[in-house]
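Report on the following structure.
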Amino acid sequence: MSLLDKKNKINRKISVAPMMDCTDRHDRYFLRLISKNVMLYSEMIASKSAIHGDRKKILSYRIEEKPLALQVGGSDKKELVEVVKIAEDMGYDEVNLNLGCPSKKVQKNKFGACLMKEPNLVAECINAMINSCKIPITAKTRIGFDKVEDFDYLNEFINKLKLAGCNTFILHARKAILKGLSPKQNLNIPKLNYEMVYKIKEQNPDLEIIINGGISKIEEIKSHLKFSDGVMIGRAIYQNPYFLAEIENKIFNNNNVLSRSEIAEKLVSYVKEEVKKGTKINHIMRHTVGLYYGQSGANKWKRYLSENMMARDSDFQKVDHIMKIAQNNEKANQPSK
Ligand SMILES: Cc1cc2nc3c(=O)[nH]c(=O)nc-3n(C[C@H](O)[C@H](O)[C@H](O)COP(=O)(O)O)c2cc1C
């Protein structure tokens, strides 16, 4: 089933956030086994790496992961245009520009959240990216930075990018602190400000506004969808990937979701195919630790994975045993009669 509607418009009602070291191609394949309807994003790839790096390793993906966006970090117009062309050629459905990462390294290379200080430069980049391809170019940004948490500043920033041709904005509802906080602290401090995102949508009804930050429950998703066009979720899904099944059920009204043991079965086949191509088993299975989050048997699953599948040289034959754990867990989690 295609996830893009007749106008080839992407459905961004729910998406999984780009997360470095997390949303690589193996994680995305795994998440896609659970959810057919969410939009998926790559980890942030620096423009230079996309152009000069090992493209097969950094950018390849399986068709099953689609619809899929490539997230890029950069502020060099020429490089960004080149990345967009590469992404379009490779069949990515969207390119998203990272304007929200606060890390020192990213700031040094002049990309991420520090670009909120340079609306003209960002607008020029976005405009050039849009003019060089047919796929959508979107932006993911914070609601402010350092001392600036001001509706007018954010609104002006967004409107500048709108004039440059950008229609879809993912707003992480927390400002970035560029000096003095680590990237990890920047994910929890300062407080979230959802109202600012709602107000952006209210004042710019023609734009697609996706809200992000601290969202982890169905009721929260439903409530945000009243004031925004879509919800992006990061950590809650990485920690508890099967939350996506509940999302399929309760947000997309899809009752045809694989059980955890069916997913485990598909993982076994995936591991065997990938290992033949040279993938290390730990690169796949590390993303699946949370499959039984909150369920009976969660610890057994985690322990087996950590004792048998987290080393670079783990024996991939041991993957067959996860089916046994999955079947036992299924029995343990059946509602008692
Ligand atoms: C481990 C980790 C890595 C992240 N890497 C990226 C990234 O590559 N690009 C990006 O735009 N945001 C990145 N983020 C931020 C998330 O996309 C998201 O905006 C943030 O986690 C807030 O959403 P959440 O509360 O649902 O997790 C990262 C977050 C985490 C936890």
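Is one or more of the residues making up the stretch 80-98 more than 16 Å from the ligand (Cβ to nearest atom) and surrounded by 24 or more Cβ atoms within 10 Å (Cβ to Cβ)?
yes
Under the condition of being within 14 Å of the ligand (Cβ to nearest atom) and part of a helix (DSSP H, G or I), which residue from the stretch 108-136 is nearest to Met19 (Cα to Cα)?
Step one: of the stretch 108-136, the residues within 14 Å of the ligand (Cβ to nearest atom) are 109, 111-116.
Pick out the ones that are also part of a helix (DSSP H, G or I) and you get 112-116.
On the way: Gly112: 13, Ala113: 15, Cys114: 18, Leu115: 19, Met116: 20 Å.
By that ranking, first place goes to Gly112.
Scan the stretch 165-217 for residues that are away from the ligand (no atom under 14 Å from the Cβ) and either outside the structural domain of Lys108 (by TED's automatic domain parsing) or aromatic (Phe, Trp, Tyr) (or both) and jot them down.
Tyr198, the sole residue that qualifies.
Please go through the stretch 207-227 and give me each residue that is in contact (Cβ under 8 Å) with a residue 12 or more places away in the chain and among the hydroxyl-bearing types (Ser, Thr, Tyr), ordered by number.
Listed by number, the list holds a single entry, Ser216.
Taking the residues in the stretch 254-294 that are assigned to a helix (DSSP H, G or I) and of a type in the set (Val, Ile, Thr) as candidates, determine which candidate is farthest from Arg312 (Cα to Cα).
Pass one, the stretch 254-294, residues assigned to a helix (DSSP H, G or I): 260-276, 281-288.
In the following step, the residues that additionally are of a type in the set (Val, Ile, Thr) were identified as 263, 268, 271, 275, 281, 284, 288.
Numbers: Ile263: 23, Val268: 17, Val271: 14, Val275: 12, Ile281: 7, Ile284: 11, Thr288: 16 Å.
The residue in question is Ile263.
Listed residues Lys78, Lys105; which is among the charged types (D, E, K, R), out of contact with any Lys or Arg (no Cβ under 6 Å at 6 or more places or on another chain), farther than 23 Å from Gly165 by Cα and assigned to a helix (DSSP H, G or I)?
On the way: Lys78 fails: farther than 23 Å from Gly165 by Cα.
Criteria check complete, one pass: Lys105.
On the given criteria, is Asp27 farther than 18 Å from Tyr238 by Cβ, among the acidic types (Asp, Glu) and out of contact with any strand residue (DSSP E or B) (no Cβ under 7 Å at 6 or more places or on another chain)?
no
Go through Phe169, Phe151 for me and flag whichever is of a type outside the set (Asp, Glu), in contact with a strand residue (DSSP E or B) (Cβ under 8 Å, 6 or more places away or on another chain) and either over 22 Å from Ile215 (Cα atoms) or touching a residue at least 24 places away in the same chain (Cβ under 8 Å) (or both).
Numbers: Phe151 fails: in contact with a strand residue (DSSP E or B) (Cβ under 8 Å, 6 or more places away or on another chain).
Of Phe169, Phe151, the one residue that is of a type outside the set (Asp, Glu), in contact with a strand residue (DSSP E or B) (Cβ under 8 Å, 6 or more places away or on another chain) and either over 22 Å from Ile215 (Cα atoms) or touching a residue at least 24 places away in the same chain (Cβ under 8 Å) (or both) is Phe169.
For the condition touching a strand residue (DSSP E or B) at 6+ places or on another chain (Cβ under 6 Å) and either outside the structural domain of Met196 (by TED's automatic domain parsing) or of a type outside the set (Val, Ile, Thr) (or both), what is the one hit in Gly230, Gly294, Gly278, Gly290? Give the steps one after another, and end with the answer.
Working: Gly294 fails: touching a strand residue (DSSP E or B) at 6+ places or on another chain (Cβ under 6 Å); Gly278 fails: touching a strand residue (DSSP E or B) at 6+ places or on another chain (Cβ under 6 Å); Gly290 fails: touching a strand residue (DSSP E or B) at 6+ places or on another chain (Cβ under 6 Å).
Only one candidate passes the filter, namely Gly230.
Within the stretch 262-272, is there a residue that is touching a helix residue (DSSP H, G or I) at 6+ places or on another chain (Cβ under 8 Å), surrounded by fewer than 19 Cβ atoms within 10 Å (Cβ to Cβ) and in the same structural domain as Gln71 (by TED's automatic domain parsing)?
No.
Considering only residues of the stretch 264-289 that are free of Cβ contacts under 8 Å to residues at least 40 places away in the same chain and small (Gly, Ala, Ser), which is nearest to Lys57 (Cα to Cα)?
Within the stretch 264-289, the first condition is being free of Cβ contacts under 8 Å to residues at least 40 places away in the same chain, and the residues that meet it are 269, 273, 276-278, 280-282, 285-286, 289.
Narrowing the set further to residues that are small (Gly, Ala, Ser) leaves 269, 278.
Working: Ser269: 21, Gly278: 11 Å.
Filtering the stretch 264-289 for residues that are free of Cβ contacts under 8 Å to residues at least 40 places away in the same chain and small (Gly, Ala, Ser), the one nearest to Lys57 (Cα to Cα) comes out as Gly278.
The values are calculated or read from the model by the stated rules, or taken from the named source; none is laboratory data. If you're wondering where the values come from, they're calculated on a predicted model, not measured in any experiment. Note that we place each Cβ from the backbone using ideal geometry, even for glycine, and neighbour counts take in every protein chain shown.
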